[in-house]
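Data block below; observations after.
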Amino acid sequence: MSTSRKTTGRAKPAKKAARASSRPAATAATDAPAAATDAPANLTDRAYTMLRRFILERELSGGEVLVEGRMAERLQMSRTPLREAMLRLEGEGLLVRANARSYAVRRITAAHYFQCLQVRERLESQAIGLAMGRVPEAQIEALRRHIEGLDSAQQSASHWQADDQIHSVFARASGNEMLADTIAHLRVLCRLFEVVDPFQRIEEDREEHLAILAAYLNGDAQAAEAAVTAHLRRLGRYTLSRLSHGLVSAVEP
C-alpha cells in the first residue's frame, strides 16, 4: 500500500511538469509565425524605401539595370524582399521590366517631361491657392531658413529634399487628396527625366522657391500662384536650352 501511494505521488508532479512544459511550447509555436511574417515585410519596406531614394536622388540613373545579386549585397539582404520591393516600384512607375528577370530605372522622354510640367503648372498653382492659411507660419519659416542655408556650391540630396518639401507641403495642405497624389506622381516622373550632367539651377531655384514662400506668408494667393507658375515655366525654359545643347537625353532606350 505504501509503495502504491509513493508511486502515485511521483506520477502527479510528472503530469504537472508535462503540462507546464507544453504551455510555453504552444506559445512559442503561436509566436513563431508572427515573427516569420514580420521580418520579410520589414525588409521589403526597407528595400523599397532605399531603392526609391536611390532613384529619386539619382544614385541610380535612368535606364540603369538593377542587377539583383549586387543590389541585394548593397542592401545587405536576401533577394526575396528585394524582388517584392522592385515589384512595388514597378507599380509606381519608377521601374520597368528590362527583361523577364530584371528591372531598369524608368527613363522619361523630353516630350513627356514638358507635358508633366504643363500639367504641374495648373495643379500646383491650384494647390497653393487652396492651401492658403492652412500651413502654419512657423513651418513655412523653418522651410525658408532651410532653403536659405543650402550649399550653393553643388547640388546634393539636401537640395532634392528641400525641393520635395516646398512642392509637396502645399499640395498636402490643399485638402484635396487626389490633387496631392497626382502632383506627387507628376513630380516623380519629372525627377526621372535623364540629365547627362546635373541641373545647375541652385541659386535660381533658391530665389524662386523663396518667392513662393514669401507670397504665401504675405497671404497673397494670386502672387503665390503666379510664383509657382513662373518657377515651373523657367525650369521648362532652362531644360529646353540644355536640350538644344545636347545635355539632356530626349529618347527612351
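Each reported figure results from applying straightforward, stated rules to the coordinates on display, with no laboratory input. Not measured: the values here are computed from a predicted model.
At a glance:
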| read-out | value |
| --- | --- |
| In Hz, Karplus ³J(HN,Hα) per residue of region 136-141 (6.51, -1.76, 1.60; θ = phi - 60°; x = Gly, Pro) | x, 4, 4, 5, 5, 5 |
| Residue-wise HN-Hα coupling along region 44-60, computed from phi with Karplus coefficients 6.51, -1.76, 1.60 (Hz; x: Gly, Pro) | 4, 4, 5, 4, 4, 4, 6, 5, 4, 5, 4, 6, 6, 9, 6, 6, 10 |
| Region 41-136, Cα convex hull volume normalised per residue, Å³ | 137 |
| Other-chain or far-sequence residues with amide H under 5 Å of Y103's (modelled H) | L66, A98 |
